[in-house]
Amino acid sequence: MSLSRRGVVLLAAAGLFLGGCGGQGSTGDSGGGTSSSSAKVTVEWWNISTTEPMKSFWAKKVKEYQALHPNVTIKNVPIENEAFKAKLSTVTQSGKTPDIYTTWGGGVLKQQIDAGLVKDLTSEAATWIADFTPASLQAYQFDQKTYGIPYDIGMVGFWYNKALFAKAGVTVPPATWTEYLDAVRKLKAAGITPIALAGKEKWPGHYYWAYLAMRIAGLDALKQAAIDDDFTGPDFVAAGARLKELVDLQPFQKGFLGAGYGTPDGQAATVGNGKAAMELMGQWAPVVQKDAGKGLGDDLGFFGFPSVEGGKGSATDAFGGGNGFAVGVNAPPEAADFLKFISESANHRQAVEMNALLPVLKGEEDAVKDVNLGVVAKTLAGASGFQLYLDQAYPPAVGQEVNDSVAALIAGSKTPDQVAQAITQTAKSE
Amino acid sequence: MTRPALTDERPAPTAGSPRTAGPAATPSARRRRFGGLATITLFLLPALVLFGLLVLAPIAVAMYTSVFKWNGLGGMPSDFVGLDNFTRMFADEVFVGDLRRGLVLIVLSITVQLPLALAIAMLLNQKMRGRAFYRLLFFAPYVLSEVITGVLFTMILSPEAGLANQMLGAAGLESLRSSWLAEPSTVMMSLFLVMTWKYFGFHMILYLAGRQGIPKELGEAASIDGAGSWTQFRYVTLPLLGPTIRISVFLSVIGAIQLFDLVWVLTSGGPIHSSETMAVTMFQFGFKRSQVGYASAISVVMFLISLVFALGYQRFVLRRDTEGAITTMRDQR
């Protein structure tokens, strides 16, 4: 009896102690902003690098930074991608953010900025922000102000199986949409599944519509449409119609409507195991192909999205996005200083050389070792324009409506015209 | 009738009868009653506080936000839209489809899943070798988490390499092969199959427990009267299982209304919304589209449907079962 009572007292004491610790941590957090630089400061850093090599790379950088600044503690919190999104949306809804957190820029970041949660880094980072390439910064800039620091950038393109293309008699990667459809027909005729698609996840499908809209309507038209909330122009309907041409060839793997992306029977694994000839995917595709499937090794190749005959967009316009870090509005100045540290050429280059990240700093392209990633980096460096993923660039509701309607178009339940109408309707209601 | 009885009794103490204990007993009884109330309050308080904070308060907040257009950011909502979210909901074919699909799942659960569970429970009630093993085996799926079940069945029902199609192929039934979760026409059937696999063991255990509470003598008496096994089941076992069946139907319906995790892992509501449930739609709008006001409206409708069903069911169906409990409580007091 007395023992259990003592146990209760001990537990209560432990609770008090823990509570005290928590309190102290948070006061140190907010107080750091105003006190002198020698005071103890804790910077809480949420990132999504839960896998190697980035996980230990960041941990190493944290140690190096703390060695240089003994008064600063960087609290490194890696959270898995999907869990991160859910967790961040919960804390932002309560009006708070971590000091530094992963962001993909675009409409989601804009909502957070409008809610007054994000620090404007324009003047604080003025001296070193010029080191970044314009394409990598674009997603985090609104009204000539910069709200995020990029650490990775990439683009979407076709990752294809050279052996299967050769088997079907396609020797040169298609450069126009007509050639592309021909290549799909040839692959089908040779008994090869031309394209793998993760229909369950919707976002991979939106790449096709977005690229077609970029090629046909052009980047400026996409931007204007987002401002006017009007996607009903003939060029956007045409993008849907072109996609319908492809869908009508039935190029996707069996059961693609239920397929995931990174699952053992998903899009990446289907290509990685040589069961389909290509996929339209971002720069991470080779890693996931190898992770979920066997990987293609030297058979893997990359070509950009073909141009569309008569389209207003340039074939060198790139579509993609990157990863960056945003700083919470109440974060201490050390938060931006830490971002400056990891963005220093000597530090960022190391990650690029490990093939873990792609160049975001000017003149970093030569550090890329992997052949295919080298092609991506070069294409990006020479891109005439850059469009962020539509489901990131637009407010979340509009972005999801793009994904949703394009998925319905691919499944055959919406016409190109209905897709344009549905996106417009959602954009108008936002 | 009662009035004269009361007036008869009342004058007795006031007439100055020798029962002096009467007036003295009243404060002590009051104190006892007060002490009882204090005890009840004290013991209920922690639960009430938790219930209030974790159940009632969120419901109130959801009801409040459901009349705003709100993206969930920047303090409290301010863009009041009245009942717009609700009219929008009932004009949205996905949400109306959710209601239809929910109804289909409820009807299928009651007409297929529960009878199956009952049949297996009756079988496992017989004396047979390895009975305990079979009980364990059929109950095992219920112990698995929904997410594990979902991942397991996405692999089994995978169109190319999945176990289901491989087995159909090996058995020479190629024509029965299907894309299961990837076809709008088959996805609901596949989903129901997984639901049944997951939950029938739970209902089976309920029925088994109910069956064992029925005294053997009743069955014996019936068989002496010449009742066959079916007649015995129909006129003795089934009526006496009534309370158990009513509770199991209740749990099954509420579960179907709130179904989320299994669907989320299996199909995320697709293809093209053909397996979406109310909870999935709510999640899509709340977390993916960040239209928290509209998502709250969906959750309010979900809550009201569950509440109306639960209250109606208790009032009209469970009345006989709960009545006993309430009257005994009254007697003890």
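Bear in mind that the values in this text are calculations on the coordinates, not laboratory data. Quantities reported herein were computed from a predicted structural model and do not represent experimental measurements. Here the Cβ positions follow ideal geometry from the backbone for every residue, glycine too, while neighbour counts run over all protein chains shown.
Placing unit charges on C-beta atoms (Lys and Arg positive, Asp and Glu negative, everything else neutral), compute the dipole magnitude of the protein assembly as shown about its Cα centre in debye, rounded to 20. With only Lys, Arg, Asp and Glu charged at Cβ, the dipole is about 3500 debye. Its Cα centre serving as origin, chain B has a Cβ charge dipole (Lys and Arg +1, Asp and Glu -1) of approximately 1400 debye.
Can you sort A:Met354, B:Met89, B:Met122 so the residue with the fewest Cβ neighbours within 10 Å comes first? Lowest to highest Cβ neighbour count: A:Met354, B:Met122, B:Met89.
In this rough spin-label picture, where each label sits 7 Å from Cα along the Cβ direction, the A:Ala166-A:Asp291 distance is 2.9 nm. Close amide H contacts of A:Thr73 (hydrogens built in the peptide plane, cut-off under 5 Å, sequence separation of 5 or more or a different chain): A:Val41, A:Thr42, A:Val43. For the residues of B:283-293, the average number of beta carbons from a partner chain within 10 Å of their own beta carbon is 5.
Between B:Arg320 and A:Thr50, the modelled labels are 5.1 nm apart [label points 7 Å from Cα along Cα→Cβ]. In the elastic network of chain B, a GNM with C-alpha springs shorter than 10 Å, the most mobile of B:Arg88, B:Arg33, B:Arg320 is B:Arg33. This ranking places B:Ile156, A:Ile410 by how few other beta-carbon atoms lie within 10 Å of each, fewest first, which gives B:Ile156, A:Ile410. Ranking B:Leu44, B:Ser179, A:Pro134 by Cα position along the charge dipole of the protein assembly as shown, where only Lys, Arg, Asp and Glu carry charges on their C-beta atoms, puts B:Leu44 farthest toward the positive end. Relative to the dominant Cα principal axis of chain A, helix A:81-93 is inclined by about 60°. Could you check which residue among B:Lys216, B:Lys198, B:Lys69 shows the biggest mean-square fluctuation in a GNM of chain B with a 10 Å Cα cutoff? Between B:Lys216, B:Lys198, B:Lys69, it is B:Lys216 that shows the largest mean-square fluctuation.
Given chain A, what percent of its DSSP beta bridges are antiparallel, to the nearest 5? Once the DSSP bridges in chain A are tallied, antiparallel ones form about 60 percent. Note on region A:72-140: dipole from Cβ charges, positive end direction compared against A:Gly95, A:Gly105, A:Leu117; the farthest Cα belongs to A:Gly95. Against chain A, whose longest principal axis comes from its Cα atoms, helix A:177-189 is set at around 80 degrees.
Of the residues B:Ser145, A:Ser413, the one with the fewest other Cβ atoms within 10 Å heads the list, and the complete ranking is B:Ser145, A:Ser413.
From its DSSP helices (H runs of at least four residues, each -39,500 (n - 2.57)), chain A gives a residue-normalised ellipticity at 222 nm of -15000 deg cm²/dmol. Of the residues A:Gln253, A:Ala241, A:Asn273, the one whose Cα sits farthest toward the positive end of the charge dipole of region A:222-282, with +1 on the Cβ of Lys and Arg and -1 on the Cβ of Asp and Glu, is A:Asn273. Here the dipole of region A:103-150 is about 80 debye; that uses its Cα centre as origin and unit charges on the Cβ of Lys and Arg (positive) and Asp and Glu (negative). Enter the angle in degrees (range 0 to 90, nearest 10) between the Cα long axis of helix B:93-108 and the first principal axis of the Cα atoms of chain B, meaning the one along which they spread out most. On a 0 to 90 degree scale, this one is about 70.
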